[in-house]
Amino acid sequence: MGEHRWQGYSHHELFAQIHEGPGPDGSTESVRRWSELTRALGEIDSGLAAAVRTAMAGWEGDAADSARDGLRPLGDWATQAQQAAAVMRERAEQQAQFIAKARSDMPPPVRVTT
């Protein structure tokens, strides 16, 4: 939106634009889905870590070290994906807050009859 020229709109037009659509409620479904994805990725991460620990119980030596090193990126991916999903949920929540603030801070237009 950086290229949009907001100065060309009247106060009435801007007020109407900020108040059309679902407003903050438009982010509710997105927040819910990102929350679910964050939870699911956390479960995947925990499951992967448990499976690797179980599979490698008692393994020793160079082959065990090589296997651990080979599986580490998979666990790192799950952790990073979970963190990214959590950030996306936070951004969707912020979007809802920004819309709510814009709606509450913008005064209604006053009709001038002079």
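The values are calculated or read from the model by the stated rules, or taken from the named source; none is laboratory data. Because the structure is a prediction, the values reported are computed rather than measured. Every residue, glycine as well, gets a Cβ built from its backbone with ideal geometry; the counts of neighbours run over all protein chains shown. These area figures cover heavy atoms from the full protein model, side chains too; ligands, DNA and RNA do not enter into them. Shrake-Rupley method; radii C 1.70, N 1.55, O 1.52, S 1.80 Å.
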Does ARG32 count as closer than 30 Å to SER104 by Cα, within 15 Å of the chain's Cα centre (by Cα), surrounded by 16 or more Cβ atoms within 10 Å (Cβ to Cβ) and basic (Lys, Arg)? no
Pairs only if they're at least six apart or on different chains, beta carbon under 6 angstrom, first in the stretch 59-73 and closer than 17 Å to ALA49 by Cβ, second open to solvent by less than 60 Å² (accessible area, probe 1.4 Å); list them, first residue then second. LEU71/VAL52
For the stretch 2-57, enumerate the residues that are out of contact with any helix residue (DSSP H, G or I) (no Cβ under 7 Å at 6 or more places or on another chain) and on the phi > 0 side of the Ramachandran plot. GLY21
Inside the stretch 65-98, the number of residues satisfying the requirement of being open to solvent by 50 Å² or more (accessible area, probe 1.4 Å) and of a type in the set (A, V, I, L, M) is 5
Working carefully through the options ALA57, ALA64, ALA51, ALA96, find the one that is within 30 Å of HIS4 (Cα to Cα) and not acidic (Asp, Glu). ALA96
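Here's the yes/no breakdown for (1) closer than 30 Å to ALA85 by Cα; (2) in contact (Cβ under 8 Å) with a residue 40 or more places away in the chain:
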position	(1), (2)
GLU3	yes, no
TRP6	no, no
HIS19	yes, yes
PRO22	yes, no
SER27	yes, yes
VAL31	yes, yes
TRP34	yes, yes
THR38	yes, yes
LEU41	yes, yes
Only one residue in SER46, SER27 is of a type in the set (Ser, Thr, Tyr), open to solvent by 50 Å² or more (accessible area, probe 1.4 Å) and modelled with pLDDT of 90 or more, so which one is that? SER46
Residues in the stretch 74-114 that are of a type outside the set (Ser, Thr, Tyr), in contact (Cβ under 8 Å) with a residue 12 or more places away in the chain and closer than 30 Å to LEU48 by Cβ total 11
